[in-house]
Amino acid sequence: MKVSPIAALLPVPTGALQIPDLAAIAPPTYQPPGEPTSTIYFSLIIPTYNESRNLEALIQQVSSLLDQVLPNDYELLVVDDDSPDRTWELAQELQHRYPQLQVMRRQTEQGLSTAVIRGWQVAQGQVLGVIDGDLQHPPETLLHLLTAIRQGADLAVASRHVEGGGVSNWGLIRRFLSRGAQLLGLLILPNVVGRVSDPMSGYFLVRRRAIAGQLLNPMGYKILIEVLGRGEIQQVAEVGYVFQERQEGKSKVTWRQYVEYILHLLKLRSRGRITRLRQRFQFPLGRFLRFGVVGLSGVLVDMVMLYLLSDPSTLAWGLTRSKLIAAEVAIINNFIWNDRWTFGDISRHQQSWHCRLKRLLKFHLICLAGLGLNVLLLNLFFNGFGINRYVANLLAIAIVTLWNFWVNLKLSWRVTQVK
Ligand code: GDD
Ligand code: MN
């Protein structure tokens with residue numbers, strides 16, 4: 001039986017993590033001099049570590065989709081980090097059936113983010129993408145991402161937190177960790193992390209020219225943060241997708257990835273990236289004004305409730321009990337108005353009572369965090385700076401209103417749907 005020779009592996013780039021621009025790329029086949037460099041349109045990186053049981057299905061599904069929309073104009077690059085289950089070898093065997101497939105086996109460097117960048121360094125495409133090798137990122141979303149790029153986006157991100165997005169059946173812990181990491185990102189690097197609703201996404205396409213020549217220096221898993229933080233990204237598009245349950249193998253995410261994520265954010269922030277990005281960030285003033293009006297109505301509700309419950313001429317209940325009930329009534333008042341008016345354009349896509357209840361719970365958590373911040377600031381201004389207590393309280397309320405607005409906005413007033 002004739003055994004076809006195992007196809008050659010791609011060379012592994014070393015040195016700086018810098019993606020060449022198109023002009024620097026020799027065309028894949030000989031071009032008559034003077035002809036424009038004819039590279040291909042799309043290069044999709046598939047980073048793998050012990051994915052031998054998922055890879056063939058993924059390659060088959062992705063190839064059949066891209067053969068329809070980009071016949072002979074795309075390439076798939078498996079970048080494997082010397083998997084113990086020899087994923088790279090399986091990928092090489094698949095090359096005979098999928099000629100657009102190429103394989104890189106890294107034996108000295110490790111890590112998801114650098115795997116993606118090393119793949120992009122040897123890629124030929126004008127558009128560069130990344131998809132997980134374990135079928136948790138639905139391949140059909142690629143078609144929507146490609147459409148978004150064709151419509152002018154520099155970056156098209158598959159997001160779990162926009163219309164049509166969600167996760168299969170993540171436990172509360174993983175969802176809490178994912179959202180917690182996002183919140184942390186908003187605190188450390190608001191103008192980068194705040195540009196997308198799912199900064200943790202590992203599934204996106206980016207125009208080569210937006211990141212070519214930039215010296216990339218990612219850590220851990222979050223390649224998207226690196227692209228957003230160092231690329232020339234003008235227009236961002238997002239496409240909803242449902243993060244699937246893993247069929248085979250297991251996730252390599254550990255606590256280490258979360259630590260690396262925080263260090264990565266701090267590193268990006270320290271490079272003074274914020275100033276360059278600040279100009280580009282538009283503050284949603286209209287929505288903020290609506291949020292402020294709702295907040296004022298909440299202050300009124302709080303005051304009236306406090307009077308009705310605690311004033312000697314009414315029920316004369318204890319101050320703390322009255323304040324807690326008054327604050328709770330004010331929070332519910334604010335939620336109702338924000339859900340219907342301030343963020344009505346977003347909430348109308350999640351009308352079920354189940355989603356509404358989850359949004360109310362999330363709003364409570366944010367308000368309670370805000371209440372804690374309020375008490376801290378009030379004490380700081382009153383006891384620390386000797387400011388009049390009522391002026392101090394108003395100052396604290398103003399700052400906390402900004403905080404509450406910003407967090408509600410960046411958590412996209414949307415609950416992660418579990419399908
Ligand atoms: N080459 C290489 N090197 N590949 C890796 C490595 C590595 O060190 N670690 C993981 N991979 C590959 C896996 O084989 C898989 O194809 C993909 O990267 C994602 O790894 P998982 O371990 O399955 O991560 P996850 O499913 O928990 O999270 C993924 O999806 C999230 C949502 O998009 C990752 O992509 C996260 O970054 C992402 O936030
Ligand atoms: Mn996975």
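Where a number appears in this text, it was derived from the coordinates with a stated rule and is not lab data. Fair warning: this is a prediction, and the values are worked out from it, not measured in the lab. Positions of Cβ are backbone-derived with ideal geometry, glycine not excepted, and every protein chain shown enters the neighbour counts.
Some points to look at:
- C-alpha long axis of helix 55-69 to longest principal axis of the chain, angle in °: 90 degrees
- For segment 371-381, 3J(HN,Hα) computed residue by residue from phi via the Karplus equation (6.51, -1.76, 1.60; θ = phi - 60°) reads 5, x, 4, 4, 4, 4, 5, 4, 5, 4, 5 Hz, glycine and proline entered as x.
- Cα-based reach from K267 at 16 Å (exclusive), listing aspartates and glutamates while leaving out same-chain residues under 8 positions away: E226
- Between 0 and 90°, nearest 10: helix 285-310 axis offset from the chain longest Cα axis: 40 degrees
- Those aspartates and glutamates that a straight Cα-Cα span of less than 15 Å connects to K362, excepting residues fewer than 8 apart in one chain: E328, D339
- Working from the Cα coordinates of the chain, the gyration tensor eigenvalues give, after taking √(5λ), semi-axes of 49, 22, 19 Å in decreasing order.
- Helix content alone sets the calculated 222 nm mean residue ellipticity of the chain: runs of n ≥ 4 DSSP H residues at -39500 (n - 2.57) each, divided across all residues, give -15000 deg cm²/dmol.
- Principal-axis tilt of helix 141-150 within the chain, Cα atoms, nearest 10 degrees: 90 degrees
- Distances between placed amide hydrogens fall under 5 Å for M104 paired with L10, V78, V79, D80, all partners being 5 or more residues away or on another chain.
- Our coupling estimate for segment 92-107, obtained by passing each phi through the Karplus curve with A = 6.51, B = -1.76, C = 1.60 and θ = phi - 60°, is 5, 5, 5, 4, 5, 8, 10, x, 7, 8, 10, 10, 10, 10, 9, 10 Hz, Gly and Pro reported as x.
- Here segment 285-416 has an Rg and Dmax of 15.7, 48 Å, counting Cα atoms alone.
- Here segment 331-358 is scanned for amide nitrogen atoms under 16 Å from the site 7 Å beyond the Cα of E163 along Cα-to-Cβ, giving 343-352.
- Pairs with C-alpha atoms separated by more than 27 Å, drawn from the list K250/K358; K358/K410; K323/K358, are K250/K358.
- Couplings 3J(HN,Hα) of segment 313-323, computed from phi: 7, 10, 7, 6, 6, x, 5, 4, 4, 4, 5 Hz, in residue order, whole Hz [Karplus 6.51 cos²θ - 1.76 cosθ + 1.60, θ = phi - 60°; x for Gly and Pro].
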